[in-house]
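For reference, the structure is listed below as structure tokens.
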Amino acid sequence: REEILSAIRAAAVSSASVPSAPATDALLAPSSHILMEQFLRALTQVGGRGLVLERSQSLDDAIAQVRTDLGTASGSLLVLHGLFAVAENGAVYVDEADLNARTDVVLPEHLVIVVPAGAVVANLHEAMPLIPRHSACGWFLSGPSKTADIEQALVVGAQGSRTVHVILESLPT
């Protein structure tokens with residue numbers, strides 16, 4: 001032990017310099033528009049679809065368009081309210097308090113989750129404090145349900161929805 005410690009001391013490695021503090025501009029959080037773009041990219045990567053509700057478009061019109069695109073009847077599509085979305089992974093937090101039953105998130109073939117565009121945070125570190133303290137149960141939903149068997153055959157929708165659409169309500173300009 002002493003030989004090793006002596007060898008380390010004898011090496012006389014110079015101290016590393018302490019980096020200077022970043023400029024004030026570097027400390028600013030990304031804008032809501034940048035976070036929305038990051039969220040939509042991440043959502044697409046996990047197999048979901050996202051859209052930003054235009055000011056001239058009503059939420060009912062957007063949901064009707066999703067129904068038309070899917071060719072689905074009303075019973076197989078459920079519209080949920082998401083409290084916030086996470087840009088880094090395309091997830092939306094849905095709380096049990098906003099559901100009729102916990103099974104609502106896994107029974108329908110198609111989910112539409114509506115989230116205020118201003119409620120997109122950069123990462124899970126920012127998201128965790130936003131979970132309601134009184135919440136008994138909640139989910140981070142990110143894209144459709146996917147599972148694979150030992151033969152690596154991917155099945156979409158086996159344990160939940162086959163599609164997930166997230167509608168971000170528009171930001172003020």
Lys/Arg Cβ at +1, Asp/Glu Cβ at -1, dipole of the chain taken about the Cα centre: which of SER76, ALA42, LEU124 is farthest positive-ward?
LEU124
Taking GluC sites (Glu not before Pro) as candidate sites, keep only those in a DSSP loop with at most 12 other Cβ atoms within 10 Å, then name the longest stretch of the chain containing none of them.
55-150
Could you give the nm distance between label points at THR44 and ILE8, where each point is 7 Å from its Cα heading toward the beta carbon?
5.0
With a 1.4 Å probe and all protein chains kept in place, how much accessible area does THR68 have, in Å² rounded to the nearest 10?
100
Show ASP104, ASP98, ASP61 ordered by accessible area, largest first, where the area counts protein heavy atoms only and the probe is 1.4 Å.
ASP61, ASP98, ASP104
Contour minus end-to-end for ILE63 and ALA101, with contour as 0.36 nm per residue of separation and end-to-end as the Cα-Cα distance?
11.5 nm
For every helix of n ≥ 4 consecutive DSSP H residues, a contribution of -39,500 (n - 2.57) applies; sum these over the chain, divide by its total residues, and give [θ] at 222 nm rounded to the nearest 500 deg cm²/dmol.
-7000 deg cm²/dmol
Can you list the residues, at least 5 places off or on another chain, whose amide H is less than 5 Å from the amide H of LEU80, using H built in the peptide plane?
VAL112, ILE113, VAL114
Å² of accessible area per residue within the chain, as computed with a 1.4 Å probe and no ligands counted:
63
Relative contact order (%) - the range 48-154, alpha-carbon pairs under 8 angstrom, separation at least six:
31
Three principal axis extents, largest first, for the C-alpha atoms of the chain, in Å?
76, 49, 33
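The values are calculated or read from the model by the stated rules, or taken from the named source; none is laboratory data. Keep in mind that this is a model prediction, so the values were computed, not measured. Note that we place each Cβ from the backbone using ideal geometry, even for glycine, and neighbour counts take in every protein chain shown. The accessibility values were calculated without ligands, DNA or RNA, using every heavy atom of the protein model including side chains. Shrake-Rupley method; radii C 1.70, N 1.55, O 1.52, S 1.80 Å.
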